[in-house]
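For reference, the structure is listed below as structure tokens.
The values are calculated or read from the model by the stated rules, or taken from the named source; none is laboratory data. Just so you know, these numbers come straight off a predicted model, no measurement behind them. Positions of Cβ are generated from backbone atoms using ideal geometry, with glycine treated the same way; all protein chains shown enter the neighbour counts.
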Amino acid sequence: MPDSWERFHRHLLRDESIGLSLDISRMRFDDALFERLAPRIERAWADMAALEAGEIANPDENRRVGHYWLRNPDLASEADAAWIRRVRGEIERFAAAVHAGEIAAANGNAFRHLLLIGIGGSALGPQLAIEALAPARSPIDLHSFDNTDPAGFARTLERLGDGLAETLVIVASKSGRTPETRNGMLEAEAAFARAGIDFARHAVAVTCPTTETFCSILDDLARERGWLARFELADWIGGRTSVTSAVGLLPAALAGVDIGPFLDGAAAMDAWTRRTDARANPAMLLALMWHHAGNGRGEKDMVILPYCDGLGLLGKYLQQLVMESLGKALDRDGNTVHQGIAVYGNKGSTDQHAYIQQLRDGLNNFFATFIEVRDSRPGAGPVAVPVDESGAVSADYLQGFLRGTREALSENGRESLTLSLDRLDARRFGSLLALFERAVSFYASLVNVNAYHQPGVEAGKKAAGDFLGVILAARKVLEEADGAALDAAAVATAAGPAIPVEAVYHALTHLAATRPDFEVKTGATPAEDTFFRKS
Ligand code: F6P
């Protein structure tokens, strides 16, 4: 780019008080973009104002969307503001009491480990926040059950070992009925029972409370069994935007993160991104750049490249935030649009030894988002060890790789954005997440989709439920077959007319792999495989 310096200083947006800047100069947009999209930008301002004023932004579930209130309760209704302050106070008091040993494990020792059981937004936010911000000698180290994989449960429990006796368990589920989370809770409860420890004295629920109109199985269970504590969510907090609610704040506070500056940073970014001047609003600039890169149809993937180990999970976190929010079949007028933006990424310079080869030389189907942390020294310590004869230090290399990759991509016609943080602390981290939250909202308005529902996830849950039914039916047929060996077609016929043979075959294979009393005799092809129950 011959005019790169000129473009850089013209297109750098920064806020000294927040300590964050956005450089869009390596995106090849033309200035007419702002005019072309002006009506959509106006719609985005209006949508955001309505959302923040408490309009029903998720019509599927008849819900408001209020994560912005969590860091500025003054914007919420009086009742919601009082609730936000109450829950935050409860979190701070609980974390302080755990750190002081006033709330302790059943054996009287202080809690040293945290097992977080949750999935999606109920896991990614706290995992990212703790990886980014928790002190190296965190008062409590984090372990997670964020799937329903028995091998994963076993490995985590094995790692905890005797430490289970000093493990605090947080079960986080907004709906209180997510199967993976329920399974994780039951597996944890069983592990505590095997170790002879009272689970209830170690267990904490984070969920929407059961009311006259809403039932959280998790809340009911925690209440009935007298769990150590319960922290409330509200129906206006979406899973993927729950990091500034108890979902993110409680684990982070327990791990030693200062949640005050985290919330302040998010609030400061919210204030900045409320400005209705597109060129001075970093969230709108991000949304416009995403629109430019993918022609408003998500034609290019978003690659997240933080040059910072602490932000190694950011790509995964943003993957959910962006893809669950924007990946929609229908727009808000009911037209079929199949919108979305694919997101992936890990961290630089690590990824330079992985897929950056393709970014530089291969398919030009992406735009990169570099995230720079200017002061990467741990604490305010000395500049560190010289690592070559010129006296350069590791941080110089990190910066060199970032700048070099950005330049190389640019020379090859590949676009990039660069976000720079002065340093990685709770305030700047809060502002970074809030920036992406609002950019997603704006982008959804630009392309006219609803960012706050997830109909596709419901379809996936239903399909999984259907397959559980096939497993049950196949098992019943084999149990009633008196040890006879049957192929999939025979089992399907016996199981019922509506069940496809292939589904039955997968169910039988699964049973043979996971149950000691079922076996498979492999034939020349899957059609000739036979299954039986050992007597
Ligand atoms: O994936 C669907 C989803 O509802 C996410 O939006 C959410 O973060 C996740 O499942 C977990 O949901 P819950 O907190 O209700 O268990």
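A few comments on the model shown:
- The single residue among 296, 226 that is away from the ligand (no atom under 16 Å from the Cβ), on the phi > 0 side of the Ramachandran plot and not assigned by TED's automatic domain parsing to the domain that holds residue 417 turns out to be 226.
- Test for residue 162: is it more than 15 Å from the ligand (Cβ to nearest atom) and free of Cβ contacts under 8 Å to residues at least 40 places away in the same chain: yes
- The single residue among 287, 252, 293 that is over 21 Å from residue 40 (Cβ atoms) and either small (Gly, Ala, Ser) or in contact with a Gly (Cβ under 7 Å, 6 or more places away or on another chain) (or both) turns out to be 252.
Residue-by-condition table, conditions (1) away from the ligand (no atom under 16 Å from the Cβ); (2) within 30 Å of residue 332 (Cβ to Cβ); (3) β-branched (Val, Ile, Thr):
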position: 460; (1), (2), (3): no, yes, no
position: 472; (1), (2), (3): yes, no, no
position: 476; (1), (2), (3): yes, no, no
position: 484; (1), (2), (3): yes, no, no
position: 491; (1), (2), (3): yes, no, yes
position: 510; (1), (2), (3): yes, no, no
position: 513; (1), (2), (3): yes, no, no
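A quick yes/no check of all residues on (1) among the hydrophobic types (A, V, I, L, M, F, W, C); (2) over 15 Å from residue 530 (Cα atoms); (3) in contact (Cβ under 8 Å) with a residue 24 or more places away in the chain; (4) assigned to a helix (DSSP H, G or I):
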site	(1), (2), (3), (4)
470	yes, yes, yes, yes
483	no, no, yes, no
498	yes, yes, no, no
510	no, no, yes, yes
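- Residue pairs meeting the criteria (Cβ under 9 Å; at least 6 apart or on separate chains; first in a strand (DSSP E or B), in the range 117-145; second away from the ligand (no atom under 15 Å from the Cβ) and of a type in the set (Asp, Glu)): 117/187; 142/131; 145/187
- Any hit, the range 89-108, residues being within 16 Å of the ligand (Cβ to nearest atom) and within 30 Å of residue 314 (Cβ to Cβ): no
- Matching entry among 398, 409, 424 (being within 24 Å of residue 16 (Cα to Cα), touching a helix residue (DSSP H, G or I) at 6+ places or on another chain (Cβ under 8 Å) and not basic (Lys, Arg)): 424
- Contact map, the range 323-352: residues that are in the same structural domain as residue 120 (by TED's automatic domain parsing) paired with residues that are small (Gly, Ala, Ser) and part of a helix (DSSP H, G or I), Cβ distance under 8 Å, separation 6+ or inter-chain. No pairs are found.
- Any helices (runs of 4 or more DSSP H) falling wholly within the range 18-83 and containing at least 1 residues that are buried (at least 16 other Cβ atoms within 10 Å of the Cβ) and under 25 Å from the mean Cα position of the chain (by Cα): 38-52, 67-70
- Residue 527 being hydrophobic (A, V, I, L, M, F, W, C) and part of a loop (DSSP other than H, G, I, E, B): no
- Given (1) more than 16 Å from the ligand (Cβ to nearest atom); (2) more than 18 Å from residue 60 (Cβ to Cβ); (3) of a type in the set (Lys, Arg), number of the condition residue 332 does not satisfy: (2)
- When the range 178-198 is limited to residues that are in a helix (DSSP H, G or I) and surrounded by 20 or more Cβ atoms within 10 Å (Cβ to Cβ), the one that is nearest to the ligand (Cβ to nearest atom) turns out to be 181.
- Test: residue in the range 201-213 that is away from the ligand (no atom under 12 Å from the Cβ), assigned to a strand (DSSP E or B) and surrounded by fewer than 23 Cβ atoms within 10 Å (Cβ to Cβ): no
- Between 360, 279, 275, the distinction of being among the basic types (Lys, Arg), more than 27 Å from residue 67 (Cα to Cα) and surrounded by fewer than 20 Cβ atoms within 10 Å (Cβ to Cβ) belongs to 360 only.
- Scanning the range 217-229 for residues that are touching a Lys or Arg at 6+ places or on another chain (Cβ under 9 Å), closer than 16 Å to residue 174 by Cα and either at pLDDT below 95 or surrounded by fewer than 19 Cβ atoms within 10 Å (Cβ to Cβ) (or both) gives 217, 223.
- Residue within the range 67-86 that is in contact with a strand residue (DSSP E or B) (Cβ under 8 Å, 6 or more places away or on another chain), within 18 Å of residue 232 (Cβ to Cβ) and within 16 Å of the ligand (Cβ to nearest atom) present: no
- In this entry, residue 157 is excluded by the filter for residues that are part of a strand (DSSP E or B), at pLDDT 95 or above and not β-branched (Val, Ile, Thr).
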